[in-house]
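J.: First the structure, then my questions, so here it is.
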Amino acid sequence: MTCPSIKSVAFALLLGMATAAPASAAYIVDTGTPDAIAVLTFDASQYFAGEFSVGTNTTITGAEGLFWFDSEAQGSLTVSLHADNGHLPGAVLSSASFDIVPNDYDWYGFTSGLEWNVSAGTYWISFIPGDGLAGDMIGLAPNPLSEYAFGGDGEWLDLGPDAFDDIALAVRVSGHATAPDVPEPAAIGLIGLGVLGVSAIRRRRLS
């Protein structure tokens, strides 16, 4: 496996697409949309993942990457959540796929609909093309993730920590903090009765 192929670096965006986030989105990770971009080949021999962390129990509802797919592109794109394995993605925890609808330069992925529940910690989000899908993933995001990984042909390339930080791929993950479980009223009542019962037993023993 070779290092990532950067097709073109730092050219100005001429289109105003992909800059506005949906008003309803609550991003827990957002690298932002670059003003100037690096274009990295994205196909079965070259795909990517990024590392992020959450500070509390969280439900991930969406995950997107910034891509370029021309009108001839076709195939599926798989978005996966991985456990942390140091500077590489670990085991797949959750995964979802969809058939792309080419729209040139745009965010592709899930804006909603995912229900991936995670505890506080560090995770990876990966974008892997199905058979035949080819395009470009966009780098030089203004607020890059702490770590990126490069993979191809079913494996992740291990060149040590921070080996691919400079690609700064544009990624965003949406979700919300997960509220702690609250006992139902009936359960609260049973707990109260139990406390009263213990108190009565103690009073009888004292007398």
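The values are calculated or read from the model by the stated rules, or taken from the named source; none is laboratory data. None of these values were measured; they are calculated from a predicted model. Ideal geometry is used to build each Cβ from the backbone, glycine not excepted, and the neighbour counts take in all protein chains shown. In case anyone asks, the SASA skips ligands and DNA or RNA and just uses the protein heavy atoms, side chains included. Shrake-Rupley method; radii C 1.70, N 1.55, O 1.52, S 1.80 Å.
J.: Pick out, from Ser45, Ser97, His87, the residue whose Cα sits farthest towards the positive end of the charge dipole of the stretch 45-110, with +1 on the Cβ of Lys and Arg and -1 on the Cβ of Asp and Glu.
T.: His87
J.: Placing unit charges on C-beta atoms (Lys and Arg positive, Asp and Glu negative, everything else neutral), compute the dipole magnitude of the stretch 44-155 about its Cα centre in debye, rounded to 20.
T.: Dipole size: approximately 360 debye.
J.: Given the stretch 64-186 reduced to its alpha-carbon atoms as identical point scatterers, what log10 I(q)/I(0) does the Debye formula return at q = 0.09, 0.13, 0.19, 0.20 Å⁻¹?
T.: Debye curve over Cα of the stretch 64-186, log10 I(q)/I(0) at q = 0.09, 0.13, 0.19, 0.20 Å⁻¹: -0.29, -0.58, -1.17, -1.29.
J.: While we're on this one: Using only the alpha-carbon atoms of the stretch 126-182, report the extent along each of the three principal axes, biggest first, to the nearest angstrom.
T.: Projected onto the principal axes, the Cα atoms of the stretch 126-182 cover 45, 28, 22 Å.
J.: Pull out a ≥ b ≥ c, the square roots of the eigenvalues of the alpha-carbon gyration tensor of the stretch 88-136, then state rounded if a/c is under 1.5, prolate if not and a/b is larger than b/c, and oblate in the remaining case.
T.: Prolate shape, in that a/c is at least 1.5 and a/b is the bigger ratio.
J.: Loop only per DSSP, at most 11 neighbouring Cβ atoms within 10 Å: give me the GluC sites (Glu not before Pro) in the stretch 44-126, ordered by residue number.
T.: Glu72, Glu115
J.: Could you give me the radius of gyration and the Dmax of the stretch 19-93, taking only the C-alpha atoms into account and expressing both in angstrom?
T.: My reading of the Cα-based Rg and Dmax gives 14.5, 42 Å.
J.: Once you place label points 7 Å from the Cα toward the Cβ at Thr59 and Thr178, how far apart are they in nm?
T.: Simple spin-label model gives 1.0 nm for this pair.
J.: While we're looking at this one, here's another question. Could you report the accessible area of His176 in Å², rounded to 10, computed with a 1.4 Å probe on the protein chains as they sit in the structure?
T.: 90 Å²
J.: Another one. How much length is gained on full extension from Ala91 to Asp70, taking 0.36 nm per residue of separation minus their Cα-Cα distance?
T.: Length difference between fully extended and current span is 4.4 nm.
J.: Hey, another quick one. Quick check: residue separation of Thr41 and Glu155 times 0.36 nm, minus the Cα distance between them. What number comes out in nm?
T.: Separation in residues times 0.36 nm, less the Cα-Cα distance, equals 39.4 nm.
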